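Chemist: Before I ask anything, here is the structure I am working with.
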Amino acid sequence: MADRVILGFDTSGPYCSTAVFAGGDVIAARSEDMVKGQAEALMPFIEGTLADAGLSYGDLTQIGVGVGPGNYTGIRVAVSAARGLSLSLGIPATGVTLFDALTVAAPLPILATLQASRNDVYVSEIHHNWRSEPQQMAVEDIATPKAGNCVCIGHRSHDVAGHLGLTAQRATYAPASAIVRYVAAKKDIPEERPTPYYLRPADAAPPRDPAPVILD
């Protein structure tokens, strides 16, 4: 599929990130830090990135979307947009976890870390054909990985590397640029729709007041 034109985007963290892959490389990308407002920013970001690439929605052959873990609202924003565009354009949408995105152009094995709540991190050891189940923990509780030569990549990677006596490096690409490269490297296009990748329950409590009575 040499003519694949892939739109990728991710809003699962405190940012909005978009990218377009065509002709074997990323030809346009945008990324901006933002604590809130991703729902309003995403579509203008997508349209701006397509314009930067000199393309339109009709040129796309596939969508890649970040499915988490991360912010619940941000994940739902991106996944909903991907599903809607997939349906309206008649093209497949592929969900990519941020753990997978961190492996793009990375020197495997790596110890991947992503932001969690309460200053913790989600951590997973990733090899070419094996990965550990992600766990949420404090940096000081992270144990030495099975592969002693792991490189730490991701959120607070330098803190993790210092704790374990390992080396750290930044992710090679911004989230959306990594996502489209990851999707482009896949030979098979999955049939299932992208779904949120949650690792913990939502930080929400039931209301204290009783629900209002609905009158006939």
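Chemist: What are the ³J(HN,Hα) values, in whole Hz, obtained from phi via the Karplus relation 6.51 cos²θ - 1.76 cosθ + 1.60 with θ = phi - 60°, for each residue of the range 101-115 in sequence order, with x given for Gly and Pro?
Modeler: Karplus-based 3J(HN,Hα) across the range 101-115 equals 4, 5, 7, 5, 6, 9, x, 4, x, 10, 10, 8, 10, 10, 5 Hz.
Chemist: Please identify which residues in the range 4-36 have an amide N closer than 17 Å to a label point set 7 Å out from the Cα of Arg170, following the Cα→Cβ vector.
Modeler: Of the residues in the range 4-36, 14-18, 29-34 have backbone N under 17 Å from the label point off Arg170.
Chemist: Return Val151, Val67 ranked ascending by Cβ neighbour count within 10 Å, so the fewest neighbours appear first.
Modeler: Lowest to highest Cβ neighbour count: Val151, Val67.
Chemist: Given H placed 1.01 Å from N in the peptide plane, which residues other than close sequence neighbours of Ala168 have an amide H under 5 Å from its amide H?
Modeler: Close amide H contacts, sequence-distant or interchain: Cys152.
Chemist: Which cross-chain or sequence-distant (5 or more) residues have an amide H under 5 Å from the amide H of Thr97, H modelled 1.01 Å from N in plane?
Modeler: Val67
Chemist: Sticking with the crude label model, points 7 Å out along Cα→Cβ, report the distance from Met43 to Arg118 in nm, one decimal please.
Modeler: If labels sit at Met43 and Arg118, their model points lie 3.9 nm apart.
Chemist: What residues have an amide H closer than 5 Å to that of Leu199, excluding those fewer than 5 places away on the same chain, when H is modeled at 1.01 Å from N in the peptide plane?
Modeler: For Leu199, the qualifying residues are Gly70.
Chemist: How large is ³J(HN,Hα), in whole Hz, for each residue of the range 78-90 in order, when computed from phi with the Karplus curve 6.51 cos²θ - 1.76 cosθ + 1.60 and θ = phi - 60°, using x for Gly and Pro?
Modeler: Result, ordered by residue: 5, 5, 4, 5, 5, 5, x, 5, 4, 5, 6, 8, x Hz.
Chemist: With θ set to phi - 60°, apply the Karplus curve 6.51 cos²θ - 1.76 cosθ + 1.60 along the range 60-77 and write out the HN-Hα couplings as whole Hz, x wherever there is a Gly or Pro.
Modeler: Each residue of the range 60-77 in turn: 6, 10, 6, 10, x, 9, x, 10, x, x, x, 6, 4, 5, x, 4, 5, 4 Hz.
Chemist: Please give the peptides 8-15, 127-134 ranked by average Cβ packing (other Cβ atoms within 10 Å per residue), highest first, as a rough proxy for protection.
Modeler: Ranking the peptides 8-15, 127-134 by packing returns 8-15, 127-134.
Chemist: Treating only the Cβ atoms of Lys and Arg (+1) and Asp and Glu (-1) as charged, compute the dipole magnitude of the chain about its Cα centre; round to the nearest 20 debye.
Modeler: Taking the Cα centre of the chain as origin, the dipole is about 280 debye.
Chemist: Can you say what percent of the DSSP beta bridges in the range 106-169, counting only those with both residues inside, are antiparallel? Round to 5.
Modeler: Just about 60 percent of them are antiparallel.
Chemist: For the range 106-169, with only Lys/Arg (+1) and Asp/Glu (-1) charged at the beta-carbon, what is the dipole magnitude about the Cα centre, in debye rounded to 20?
Modeler: 140 debye
Values in this text are rule-based calculations from the coordinates and carry no lab data. As the structure is a computational prediction, the values presented were derived from the model and not from experiment. Positions of Cβ are generated from backbone atoms using ideal geometry, with glycine treated the same way; all protein chains shown enter the neighbour counts.
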